[in-house]
Amino acid sequence: MHARYYTFNLGRFMSVDPVGGEVGLSQSWNRYAYVRGNPVNATDPDGRFTFWDVADIGFAAKSIGTLWRKALSGEQITAADNFNAIADSVALLPIVPSLGMVREGGKFIERAEDAVDAVRAADKAHDTAEGVRLQKGLASEQQVGEILSGEAKSIAGAGADAQLRDAGRLAKKYGGKAEDWAKVRSGSFTAKDGTKFEIHAYRNTKTGKTVELKTKIVELERLAEQAGGGP
Amino acid sequence: MRVRCINDELSEKEIAASGFPPGTWDVTIGKEYLVLGVTLFAGGENTPRGAAYKIEADGGTVYSVPVPLFEIVDNRPSRYWRVGRRGPFGLVLWPQEFFERYFFDDLSEGVPAALRTYDKVRDRLEQEFGILGGNNSQ
């Protein structure tokens, strides 16, 4: 129940790559990406899911999330959106001591703009499997941004009206008080193939530390339960 | 009780007053939702302040969504609701099954027993409010 999830049908990991970036390979600084954003032509069979501390990068998530939301919906990305993303990316420089993140800021925008074109192209291809996969990938990026930006909503624990079973475990493993931990969720997304999913994570409401992100594929979960029967 | 969504995010003023997080909630403007329960958050260090409806959001997750996002369509309270406490000052009106410890946490994890219990509760409330088809929305 507590395993970190690989989003098998999205083709990507939901946690950062524990391996850091490389000089000259700007995509390598995007630690959320899988095989540097090229999952079609590369694999990462040794991908590891480890604890990740996103408190320092949560600051940039909102503007980045905005970019991805617009990329996903096909809205035009404005100069202000670009500026915000660059500004927030630059704010990450203290934890990435090189010009890599500056380059990444520009690269990110290229990726967002590319994504808009890619989604439109996929639409023209009449719901091809690749289009659906891309749509899911972009949606998951947006959902992660929502989780990291502090806009995620509590399901259990701090900020909610329900008890959190793992509060004690989280405090012991990641620090803080048990009562400060919450299970949070992103908004949901329904892909063109009918798959409905959202992202859940644990978040310390005091520090903003967010851990153990996983994708919840709602419809499949319920179908599996129904198939299992029971009174 | 049924409600209709009139907004999918709180205003800045409402956020400041309540302590609920910013951003959109997983609901659709114009869509009706069956109210599974009501929570009165009392505020505090880790708790927002204000009332919320316990609903099944669009993604399927059951959680509490602030009252200002809805208008009331059917104002009858469920006869299955029971009154209980949450925290030192909080109050809830929920079906008895929802009071089970960790119920909503288990439900969000897809624990089969919790899913079965939830389905029974939802079916019961849907019958009470004349909703057919096993779906809580229009």
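We did not get these values from a lab; they are worked out from the coordinates using the rules stated. Just so you know, these numbers come straight off a predicted model, no measurement behind them. Positions of Cβ are generated from backbone atoms using ideal geometry, with glycine treated the same way; all protein chains shown enter the neighbour counts.
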Q: At 0.36 nm per residue, minus the direct Cα-Cα distance, what do B:Ile6 and B:Ala42 gain on full extension? Give it in nm, one decimal, please.
A: 10.6 nm
(Q) Check which residues have an amide H placed less than 5 Å from A:Ile199's amide H, if you skip close sequence neighbours. (A) A:Ser186, A:Lys216
Q) A:Trp181: net charge of surrounding residues, Cβ under 12 Å, Lys/Arg +1, Asp/Glu -1, itself excluded? A) +4
Q) Could you give the nm distance between label points at B:Ala51 and B:Arg79, where each point is 7 Å from its Cα heading toward the beta carbon? A) 2.3 nm
Q. Relative contact order (percent) for chain B, with alpha-carbon contacts under 8 angstrom and 6 or more residues of separation?
A. 25 percent
Q: Order by neighbour count: B:Trp94, B:Trp81, fewest other Cβ atoms within 10 Å first, most last.
A: B:Trp81, B:Trp94
Q) Which order do A:Thr190, A:Thr215 fall in if you start with the one that has the fewest other Cβ atoms within 10 Å? A) A:Thr190, A:Thr215
Q: Compute the separation of the alpha-carbon centres of segment B:1-55 and segment B:56-80 and state it in Å as a whole number.
A: 9 Å
Q | Per-residue Cβ neighbour rank within 10 angstrom, fewest leading, B:Val62, B:Val111 | A | B:Val111, B:Val62
Q) What nm value, rounded to one decimal, do you get for the distance between A:Gln163 and B:Phe129 when each label is placed 7 Å out toward the C-beta? A) 2.7 nm
Q. How many Cβ atoms of partner chains, on average, are near each residue of B:100-109 if near means within 10 Å of its Cβ?
A. 6
